[in-house]
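So the structure is just underneath, and the comments pick up after that.
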Amino acid sequence: EPEVTQTPSHQVTQMGQEVILRCVPISNHLYFYWYRQILGQKVEFLVSFYNNEISEKSEIFDDQFSVERPDGSNFTLKIRSTKLEDSAMYFCATAGQGVMDTQYFGPGTRLTVL
Amino acid sequence: RKEVEQDPGPFNVPEGATVAFNCTYSNSASQSFFWYRQDCRKEPKLLMSVYSSGNEDGRFTAQLNRASQYISLLIRDSKLSDSATYLCVVNAFEIPGAEVRGGSQGNLIFGKGTKLSVKP
């Protein structure tokens, strides 16, 4: 069964450093999402991406965040200058053909900002 | 603000028990509903979609009541392996022309989850 993959599984970084989280979507999927989950809290939407552009973003997704799909396969989330409060699990999700299609989640990247 | 509310539990039940989880959502224009399951420090995994007519998948039954904006999940004959957190999830996409302002490109709104622990 096709799956979403994410790398790295765990990233430790110093406050103020840039990090790039990577996701490989399911191959025929067209809709891509990033979510995050702070430990002990609910999963929160960050951004959606379709047709090579951001289609929607939450208030969490400020100027420190960016997404791109540089090579048509990887879907990346960049945090330009990490803060302590960015420590969380970051999940990539992808959906097939429509905004209401089921979203399949990758295993996540645990980001720890020291 | 679009919200999904769930009882956080924990629900501690013996093997073989029947357990029911409930969830309410705030946006009456919502169209698409799901139950996901999340194991500790893992990704959410789709358990089942929820339809107005109700749907069943083995030991799991999901119901949707649009009038009350209420979603339920029933697990029969609980197994040890059912121990997890169950997430009630609503797709934020709204029907065209809905009174609620602001469209969505299908991001999911999650409840905080209900923790289930099945004991031998």
Count of the stretch A:98-114 residues which are within 11 Å of chain B (Cβ to nearest Cβ) and part of a loop (DSSP other than H, G, I, E, B): 9
Only one of B:83, B:52 that is small (Gly, Ala, Ser) and surrounded by 15 or more Cβ atoms within 10 Å (Cβ to Cβ): B:83
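Condition check: at negative phi and in a loop (DSSP other than H, G, I, E, B). Does residue B:32 satisfy that?
Working: at negative phi: yes; in a loop (DSSP other than H, G, I, E, B): no.
Answer is no for this residue.
Considering only residues that are assigned to a strand (DSSP E or B) and more than 15 Å from the chain's Cα centre (by Cα), look in the stretch A:1-47 and name the one that is nearest to residue A:107 (Cα to Cα). Even if it seems obvious, please write down each step before you answer.
Here is the first cut: in the stretch A:1-47, the residues assigned to a strand (DSSP E or B) are A:5-7, A:10-13, A:19-24, A:31-37, A:44-47.
Cutting the leftovers down to more than 15 Å from the chain's Cα centre (by Cα) gives us A:12-13.
On the way: A:12: 17, A:13: 20 Å.
Per the stated criteria, the residue is A:12.
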Residues of the stretch A:48-81 satisfying the condition of being under 19 Å from residue A:6 (Cβ atoms), at pLDDT 90 or above and part of a loop (DSSP other than H, G, I, E, B): A:60, A:61, A:69, A:74
Single residue of the stretch A:1-47 satisfying the filter (small (Gly, Ala, Ser) and at pLDDT below 95) that is least open to solvent (accessible area, probe 1.4 Å): A:40
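Condition test on residue B:98, is it modelled with pLDDT under 95 and open to solvent by less than 60 Å² (accessible area, probe 1.4 Å)?
Judged against the criteria, residue B:98 is a match.
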Unmet criterion (only one of (1) within 23 Å of residue A:89 (Cβ to Cβ); (2) open to solvent by 80 Å² or more (accessible area, probe 1.4 Å); (3) at pLDDT 95 or above) for residue B:36: (2)
Residues of the stretch A:68-99 satisfying the condition of being buried (at least 16 other Cβ atoms within 10 Å of the Cβ) and more than 14 Å from the chain's Cα centre (by Cα): A:82, A:99
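Do you know which residues across the stretch A:48-60 are buried (at least 19 other Cβ atoms within 10 Å of the Cβ) and among the hydrophobic types (A, V, I, L, M, F, W, C)?
Residues of the stretch A:48-60 that are buried (at least 19 other Cβ atoms within 10 Å of the Cβ), as a first pass: A:48-49, A:56.
Within the stretch A:48-60, A:49 is the sole residue that qualifies.
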Residue match in the stretch B:51-64 (condition: basic (Lys, Arg) and either over 30 Å from residue A:5 (Cβ atoms) or without any contact (Cβ under 8 Å) to a residue 24 or more places away in the chain (or both)): yes
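Taking residue B:32, is it among the small types (Gly, Ala, Ser) and touching a Ser or Thr at 6+ places or on another chain (Cβ under 9 Å)?
Details: among the small types (Gly, Ala, Ser): yes; touching a Ser or Thr at 6+ places or on another chain (Cβ under 9 Å): yes.
Judged against the criteria, residue B:32 is a match.
The values are calculated or read from the model by the stated rules, or taken from the named source; none is laboratory data. Because the structure is a prediction, the values reported are computed rather than measured. Virtual Cβ from ideal backbone geometry, glycine too; neighbours counted across all protein chains shown. These area figures cover heavy atoms from the full protein model, side chains too; ligands, DNA and RNA do not enter into them. Shrake-Rupley method; radii C 1.70, N 1.55, O 1.52, S 1.80 Å.
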